[in-house]
Amino acid sequence: MSKPIKRLDLLIREVEDQHAQENFYRIKNYIDNLQTSGGVGPAGPQGPPGASGTPGTSLVVTKTAGETISAGKAVYLDTATVVKLSDHSVVARQKCIGVAKTAATVGNSIEVITDGIFTDAIFSGFTLNEPIWVGLNGVLTQTPPTSGVLLEAGYYLGENKIEVEIKRPIILA
């Protein structure tokens, strides 16, 4: 016949050795913690590497073209839904929200990359890791303008890829 099991808190009081009492107290707290939280054990070994994720993505918005726009040109919001070509030298166009991913004519839908990687052969010939500026009529260039505003649209990553990363315009004298 088995003996009845005493409750741990009563057992702690019966033991006179202070070190044993402290050990019992720690065991009691550990058991109470296991009962309330489900318990957390020591960290296990490192698991195997996970599956590869999707390559870098871009933030793309769809707007309406307010004029004929080619893919790879810098654009700004003319209204909440309409984009037009950015231009560093024309006051009304001295802003930029992104780079046209697709081409469109007036009144048609156009996709604009506002942040992220854009790959296209039109970017060949750019210098690696150098900034890309908005030039005349939405053209992207690595030659910074000397008048109007300085609009940085991103930088060249190599292999016909740019990182679209629009910066605040800087007014030039």
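The values are calculated or read from the model by the stated rules, or taken from the named source; none is laboratory data. Treat the numbers as computed from the prediction; the structure is a model and nothing was measured. Neighbour counts run over all protein chains shown; Cβ positions are idealised from the backbone, glycine included.
Select from region 77-122 the residues that are among the hydroxyl-bearing types (Ser, Thr, Tyr), touching a helix residue (DSSP H, G or I) at 6+ places or on another chain (Cβ under 8 Å) and closer than 16 Å to ILE132 by Cβ and list them in ascending order.
Within region 77-122, just SER86 meets the criteria.
Of everything in region 121-137, what is farther than 19 Å from LEU59 by Cβ and not aliphatic (A, V, I, L, M)? Give them in sequence order.
Matches in region 121-137: SER124, GLY125, PHE126, THR127, ASN129, GLU130, PRO131, TRP133, GLY135, ASN137.
Can you find, within region 37-62, the residue that is surrounded by the fewest Cβ atoms within 10 Å (Cβ to Cβ) among those that are at pLDDT 70 or above and among the β-branched types (Val, Ile, Thr)?
Among them, the one singled out is THR57.
Can you name the residue in region 118-139 that is modelled with pLDDT of 95 or more and among the aliphatic types (A, V, I, L, M) and, of all such residues, is nearest to TYR156 (Cα to Cα)?
Restricting to residues being modelled with pLDDT of 95 or more and among the aliphatic types (A, V, I, L, M), the top hit is LEU128.
Is it fair to say THR127 is more than 26 Å from the chain's Cα centre (by Cα) and either crowded, with 19+ Cβ neighbours inside 10 Å or in a loop (DSSP other than H, G, I, E, B) (or both)?
In short, no.
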